[in-house]
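After the structure tokens below, expect a handful of questions from me.
Laboratory data are not the source of any read-out in this text; all were calculated from the coordinates shown. Being a predicted model, the structure only gives us computed values, none of them experimental. Note that each Cβ is placed from the backbone with ideal geometry, even for glycine, and that neighbours are counted across all protein chains shown.
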Amino acid sequence: MNLHRYPDIEVTVVHDDGRSDLVTEALDLSIRIAPSLEDASYVAQSLMKSPQVVVASQAYLKRHGRPATPADLARHNCLVHIVKSSAGVWKFAGDPPQEVRVRGTVRSNLGDAIKQAALLGTGISLHPYYMVSEELRAGTLEALLPGSVPEELDIYVVFSTRRNMPTRVRHLLEFLKEWSRDPPDWALPAAPGATRRGASRTRPASSPP
């Protein structure tokens, strides 16, 4: 957000796994990333899609080989995000869609912890593209399964109510919608079919991955 345009607005950023109670913790809004939102306690607007990518380090691939299909992941050490994939199931688009039950030696509710384990050569991980775009460009992680597309996530902005919304919150919502219409290169892969515009729509909300 361009704070020079709004010099009287103060911003406090709280980083968590998406389970904050907006009302109890006096938060104006939350940005949540999830396949879907189910809790009707809040109002949510979808800003854009977030493509995902399966990755591993060269060190892991040299020791254990490269999966050729999503089904091969069941035989690899996969690093599981316990909020985004609580049942240990990774989903891939297709006709029909594929679901693969994975397991491994590292589970966490923090994507950064999963990424660091992948960088150390511990196993294969699944991330939103924006989280690993720098590592992919640097070659410290490699994208796997180029013929298979993991399920996309939605990026939502979540708030408690539309009534009596403070001006500062309206300004931030406007900024987020503007940003989502033309996100930077690190947010999306340079691949056919990448969604660069998000449809703004009202949905019930819940905790994200």
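What are the ³J(HN,Hα) couplings of region 54-59, residue after residue, when phi is run through the Karplus curve with 6.51, -1.76, 1.60 and θ = phi - 60°? Round to Hz, x for glycine and proline.
Coupling constants for region 54-59: 8, 9, 7, 8, 4, 4 Hz.
Which FRET efficiency value, to the nearest 0.05, do you get for A74 and I31 by plugging their Cβ-Cβ distance into 1/(1 + (r/R0)^6) with R0 = 30 Å?
Taking R0 as 30 Å, the efficiency between A74 and I31 is 0.40.
Could you tell me which trypsin sites (Lys or Arg not before Pro) in region 83-178 are loop residues by DSSP with no more than 11 other beta carbons within 10 angstrom of their beta carbon?
Listed in order of number, the matching sites are R162, R163.
For region 60-71, take each phi angle, set θ = phi - 60°, evaluate the Karplus expression 6.51 cos²θ - 1.76 cosθ + 1.60, and give the result in whole Hz per residue in order, putting x for glycine and proline.
5, 5, 5, 7, 10, x, 10, x, 9, 9, x, 4
Let me know the charge dipole size of region 82-150 about its Cα centre in debye, to the nearest 20, where only the beta-carbon of Lys, Arg (+1) and Asp, Glu (-1) is charged.
With only Lys, Arg, Asp and Glu charged at Cβ, the dipole is about 240 debye.
Considering the dipole of region 1-143 built from charges on the beta carbon (Lys and Arg +1, Asp and Glu -1) around the Cα centre, which of H4, L136, V23 is farthest to its positive end?
Value computed over the given set: L136.
What order do you get for D182, D72 when you list them from fewest to most C-beta neighbours inside 10 Å?
Ordered by Cβ neighbours within 10 Å, fewest first: D182, D72.
Okay, moving on. Indicate the gyration tensor shape class of region 52-150 (rounded, prolate or oblate), computed on the Cα atoms with a ≥ b ≥ c the square roots of the eigenvalues: a/c under 1.5 is rounded; otherwise a/b larger than b/c is prolate and the rest oblate.
Because its axes are fairly even, with a/c under 1.5, region 52-150 counts as rounded.
OK, next. On a straight-distance basis, which lysines could pair with K91 in a cross-link, Cα separation under 24 angstrom, same-chain partners fewer than 8 positions away excluded?
K49, K115
For a quick check: with amide H placed at 1.01 Å from N, whose amide H comes under 5 Å from N109's, ignoring anything fewer than 5 positions away on the same chain?
Close amide H contacts, sequence-distant or interchain: I82.
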